[in-house]
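The structure under discussion appears below in the form of structure tokens.
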Amino acid sequence: MTDWFESVAEAQRRARKRLPRSVYSALVAGSEEGLTTRDNTDAFAELGFAPHVAGLSDTRGLSTTLMGQPLSFPVMISPTGVQAVHPDGEVAVARAAAARGVSMGLSLFASKPIEEVVAANPQTFFQLHWVGSRELLLHMLYRAEEAGAVGLILTMDWSFSEGRDWGSPVIPERLDARAIVRLAPEVLARPRWLAQWARSGTYPDLTAPNLAEPGKSAPTFFAAYQEWTSTPLPTWEDIAWLREQWDGPFMLKGISRVDDALRAVDAGATAISVSNHGGNNLDGAPASIRVLPTIVEAVGDQVEIAVDGGIRRGSDVAKALALGARAVLIGRAYLWGLAANGQAGVENVLDILRAGLDSAVLGLGHSSVHTLGPSDVVVPVDFARANQLPGLGYPTPIGVRYTEPRG
Ligand SMILES: Cc1cc2nc3c(=O)[nH]c(=O)nc-3n(C[C@H](O)[C@H](O)[C@H](O)COP(=O)(O)O)c2cc1C
């Protein structure tokens, strides 16, 4: 079992070794300086645990539900649009999620059609951006419903930031002769990745099949992106309208402020994901785990709350649950697993997270994830950085145990 790895860090190392530079850098990087991307992981490292040592539970219940879907443990696949890392892309991820009993989030910019992904995992949520026209959005909603999607995710947090200090990856408009010549050096340096595509008899798909207009073929990724960035930005009324068009569960992803969380409740969301798009929105926004407690306190009894950004370990899942999340969504962790070893690599990552969570629940003296709470974590005094200024109306998290910083 040499393909097996024992940490998400190792999956990342293998992804770096296997993928062409542009593909790998698109997976890891955030916008501008990457401050928020870094803070998403740094913030988890700042949180401590308060473990018990005796009277621990022999068995632990890890299962839960999110938006009506059973999860064998409180993790869901977050939608991501860059899955050229592997020929099976979203279908492999969906299969892995189904094999491990968790829900799948499918990006609007996915490389596989929703019908194939739902067939691979019936617990698939379709993720939309506000794009095109109301007619196009309705068409995509009907298609998602027909395909059997169990819910919608509307992603709100993208400010079309162009500046990337690390140099944005070069994504060709189409794989024509010029693009092949330009990309050849970095692709040839990664023969295993190339061989995988050669064996599959396909090449990285640069279209967005789920954004096809009625009766038309799938647009290229670039045409789809352009359509999105030129669409007038949605108002809260638009969001409430979209929500009314869909009967099932509806998540708003990208909430990072209490006032927006309250508006999400007013718009009729079933769930929110506290998120900053993995650091791909406004650089400098605080880690999502920092703002989670205030949002839980404000709307936790009115809407299901998930969080995403920086989850790399099962203990991170335990910390998020202790601070009030019902479940977490993961992004880069499973993309690295996919790059490292396809479907089995994603299963491997899910197994690592599950084992780490189980271990944390054991050490914290619980028999179920549902009893994790603020007293299980040690939170530094300035952890909720976003909320320190007076007069902003942000409540201080209740029940969170603060410790004075050392030194
Ligand atoms: C390469 C990449 C592509 C992404 N594409 C999408 C997308 O198409 N739709 C979306 O809602 N979020 C997208 N996201 C954000 C993720 O869903 C998720 O919020 C983020 O990755 C969580 O942070 P993590 O990667 O640290 O786990 C993307 C993230 C990455 C890294």
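Summary of values
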| item | result |
| --- | --- |
| Loop-exposed trypsin sites (Lys or Arg not before Pro) per DSSP, neighbour cap 14 Cβ within 10 angstrom, longest uninterrupted part of the chain | 217-400 |
| Rounded FRET efficiency, nearest 0.05, which uses the C-beta distance separating residue 53 from residue 181 and R0 of 60 Å | 0.45 |
| Separation between Cα centres of the stretch 281-346 and the stretch 114-172, rounded to whole Å | 19 |
| Hits among lysines - C-alpha to C-alpha of residue 112 under 26 Å, sequence gap 8 or more where chains match | 17, 216, 253 |
| Contact order normalised by residue count of the chain, Cα under 8 Å, 6+ apart, percent | 27 |
| Net dipole in debye of the chain [+1 Lys, Arg Cβ; -1 Asp, Glu Cβ; about Cα centre; nearest 20] | 1260 |
| Charge dipole (the stretch 310-376, unit charges on Cβ, about Cα centre) - positive-most of 318, 361, 344 | 318 |
| CD proxy at 222 nm, helix term only [per DSSP H run n ≥ 4: -39500 (n - 2.57); per residue of the chain; nearest 500] | -12500 deg cm²/dmol |
| Over the stretch 173-229: Rg over Rh, Cα atoms, Kirkwood Rh | 1.07 |
| Semi-axis lengths (Å, descending) of the ellipsoid that matches the C-alpha gyration tensor of the chain | 33, 25, 21 |
| Dipole of the chain [Lys/Arg +1, Asp/Glu -1 at C-beta], most positive-end residue of 229, 15, 144 | 15 |
| Separation of alpha-carbon centers, the stretch 24-57 and the stretch 191-269, rounded to whole Å | 26 |
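Bear in mind that the values in this text are calculations on the coordinates, not laboratory data. Since this is a predicted model, take the numbers as computed values, not measurements. Every residue, glycine as well, gets a Cβ built from its backbone with ideal geometry; the counts of neighbours run over all protein chains shown.
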